[in-house]
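Trainee: My questions all concern the structure below.
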Amino acid sequence: MNRSTKHSTSPKGRLAPQSRTAEFTLPEGGVDTLLHTLAGIDSELPVFVYERIDPLTRQPLTTWIGLRTDATRVQGTDTAAALRAATVAARADGPHGGVFAFLGYPGPHSTVHGDAGIPDALLMRLIDYLTIDHRTGRGRVVHTSTEPDPERTPEQWASACGSGTATSLDLTSHEADFQWTTQTSAEQYTAGVRAFQQRGGASGVVLSVRVASEHRAEPMHSYRVLRTVNPSTRMFFLRHDQFALWGATSLPLLHLSDGHITAETDGATHPVADEEHHWQPSPKELGEYEVVADALVEDLAHVAAPGTLQLTREREQRVFFGLGHLFAEAQAELAPECDAVDAVLAMHPHGATVGHPRSAAQTLIAELEQLPRGPFAGLVGLFTAEEVDATAVTRSMWTTPRGSVTQAGAKVVPASVAEHEYAESVLKTRALRVTARRASS
């Protein structure tokens with residue numbers, strides 16, 4: 001049974017658009033059924049997906065799916081200022097308004113993969129979207145605009161979503177369809193590692209490897225397979241014009257609700273046999289962990305209220321797609337002089353994607369990496385009146401008319417062996433390569 005409601009006031013009592021909502025029961029097959037159903041209605045749907053997963057149980061918590069947004073592509077300007085302006089503007093949409101945002105890695109990168117089709121930032125102001133609470137099995141369609149939906153009402157969307165039919169997916173590897181090539185050679189990577197070890201300047205740096213194909217992956221089909229094969233702490237998908245980005249990452253940036261911040265980081269990468277495997281970290285792995293844990297605390301301190309910052313989990317072992325990692329979690333109360341955008345930008349780019357100290361590590365990356373990072377090590381997040389949740393862009397793939405790219409890095413410390421770090425970086429792209437599906441010509 002669907003239920004609809006009208007809302008007309010903003011959190012601070014200002015007159016706001018009469019947002020409308022309609023509820024539905026999550027169909028058999030869950031989110032995958034919804035994605036298949038929406039694509040059947042319109043091949044360009046959905047425009048974004050953002051999923052929160054419990055990292056220990058791997059059970060879904062909350063999912064947001066974008067049906068219609070007012071998207072702003074940002075190129076060559078201050079992306080942080082653009083994000084702040086977009087979130088401020090969305091407040092006029094009332095308690096259900098918000099922005100789904102992508103910010104690329106800071107620095108010049110618009111010509112990544114030889115293509116200018118990758119935005120520096122993409123800011124999607126919410127108009128029609130779904131929210132799903134997996135604990136109750138209920139979904140909600142939200143329409144924020146004063147303008148009626150030109151094609152479907154929230155009630156019609158809810159009916160379509162609730163009546164979707166589950167389908168099966170081919171989960172076998174299609175890696176051979178793409179003829180993937182590493183655009184960062186082992187020799188280039190090794191030279192970068194050795195240059196860092198000789199010069200120092202940071203306690204650790206993350207150096208990355210790009211793997212690319214001239215063939216374009218079909219974004220939504222690839223994402224559906226990825227999220228099924230490799231459920232991870234945060235999963236995301238977005239597309240705009242001819243650019244698409246999707247991923248399944250173990251590295252959330254932060255969650256902010258009621259002024260309370262929770263942030264995580266991971267260090268060390270250890271191949272494991274199964275999800276239940278536990279191992280004894282080596283001194284080198286512990287050194288990697290200490291680098292990212294220090295970065296987590298240092299970054300969060302900039303926006304934490306005095307006396308509230310604390311590490312709440314340390315050296316917690318988690319396994320994703322055959323790779324084990326050591327995790328740390330920190331919590332704090334947001335300083336009264338800071339807002340949600342301050343908190344997110346304090347953590348961006350995530351320390352586990354660049355190294356520590358951040359400024360020194362980014363300087364080394366700019367010098368040692370031969371290719372611009374583009375989306376890799378950027379962020380994706382949802383900014384609403386109720387909460388903010390953002391994640392680092394790792395374990396991800398993006399497409400343009402030029403083809404498909406996946407990129408991953410390894411944490412390099414003085415004790416690192418360059419050849420091992422290179423192999424680890426390539427290995428981290430495997431989940432994306434085996435789940436990618438070729439787009440039709």
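The values are calculated or read from the model by the stated rules, or taken from the named source; none is laboratory data. The structure presented is a predicted model; accordingly, all values stated were derived computationally and were not measured. All Cβ positions, glycine included, derive from the backbone under ideal geometry; neighbour counts span all protein chains shown. Just the protein is used for accessible areas: all its heavy atoms, side chains included, with ligands, DNA and RNA removed. Shrake-Rupley method; radii C 1.70, N 1.55, O 1.52, S 1.80 Å.
Trainee: With +1 assigned to the C-beta of every Lys and Arg and -1 to the C-beta of every Asp and Glu, and no other charges, what is the dipole magnitude of the stretch 151-222 about the Cα centre in debye, to the nearest 20? Write down the numbers at each step before the final one.
Mentor: On the way: 5 positive and 8 negative charges, 110 e Å.
In total the dipole reaches around 520 debye.
Trainee: In whole Å, what are the Cα extents of the stretch 151-238 along the three principal axes, biggest one first?
Mentor: Here the spans come out as 63, 32, 25 Å, largest first.
Trainee: Another question, if that's okay. Sorted from largest to smallest, which semi-axis lengths in Å does the alpha carbon gyration tensor of the stretch 218-334 give for its equivalent ellipsoid, taking the root of 5 times each eigenvalue? Show your work: numbers first, answer last.
Mentor: Numbers: eigenvalues 144, 100, 25 Å².
In descending order, the three semi-axes are 27, 22, 11 Å.
Trainee: Could you tell me which residue out of Val292, Val341, Thr79 lies farthest along the dipole of the chain toward its positive end? Charges go on the beta carbon: Lys and Arg +1, Asp and Glu -1, centred on the Cα centre.
Mentor: Working it through, the farthest residue towards the positive pole turns out to be Thr79.
Trainee: Would you check the accessible area of Arg84, probe 1.4 Å, heavy atoms only, in square angstrom rounded to 10?
Mentor: Probe radius 1.4 Å; accessible area of Arg84 about 80 Å².
Trainee: Output the Kirkwood hydrodynamic radius of the stretch 321-421, Cα pairs only, in Å rounded to one decimal. Walk me through the numbers on the way to the answer.
Mentor: Numbers: mean 1/r = 0.0622 Å⁻¹.
It is 16.1 Å.
Trainee: Then there is this: Give me the 1.4 Å probe accessible area per residue for the stretch 153-258, excluding ligands and nucleic acids, in Å². Provide the component values of the computation, followed by the final result.
Mentor: On the way: 4070 Å² over 106 residues.
Accessible area per residue: 38 Å².
Trainee: Let me ask another. Net charge near Leu83, counting Lys/Arg +1 and Asp/Glu -1 over other residues with Cβ under 12 Å of its Cβ? Provide the component values of the computation, followed by the final result.
Mentor: Numbers: positive: Arg84, Arg125; negative: Asp78, Asp120, Asp339, Asp342.
Around Leu83, the surrounding residues sum to -2.
Trainee: Now a separate question. So, R0 is 30 Å and r is the distance between the beta-carbons of Ala301 and Thr190; what FRET efficiency does that work out to, to 0.05? It would help to have the intermediate numbers written out before the result.
Mentor: Details: r = 35 Å, r/R0 = 1.16.
With R0 = 30 Å, the Cβ-Cβ based efficiency is 0.30.
Trainee: Further question: Which values, in whole Å and largest first, are the semi-axes of the equivalent ellipsoid of the stretch 296-360 obtained as the square root of 5 times each eigenvalue of the Cα gyration tensor?
Mentor: Equivalent-ellipsoid dimensions as semi-axes: 24, 15, 10 Å.
Trainee: Same structure, new question: Out of every Cα pair in the stretch 244-313, what percent are spaced more than 20 Å from each other?
Mentor: Values: 1089 of 2415 pairs.
Percent of Cα pairs beyond 20 Å in the stretch 244-313: 45.
Trainee: Using a 1.4 Å probe and ignoring any ligands, DNA or RNA, find the accessible area of Arg73 and quote it in Å² to the nearest 10.
Mentor: 80
Trainee: Regarding the chain, what's the average projected area of the Cα-atom convex hull, expressed in nm²? Can you show the working numbers first?
Mentor: Working: hull surface 80.9 nm².
It is 20.2 nm².
Trainee: Rank by packing, highest mean first: peptides 225-233, 256-264, with packing defined as the count of other Cβ atoms within 10 Å averaged across residues.
Mentor: The most tightly packed comes first, giving 225-233, 256-264.
Trainee: PRE reach from Gln197 (point 7 Å along Cα→Cβ): which of the stretch 404-423 fall under 17 Å by backbone N?
Mentor: Residues passing the 17 Å test: 410-423.
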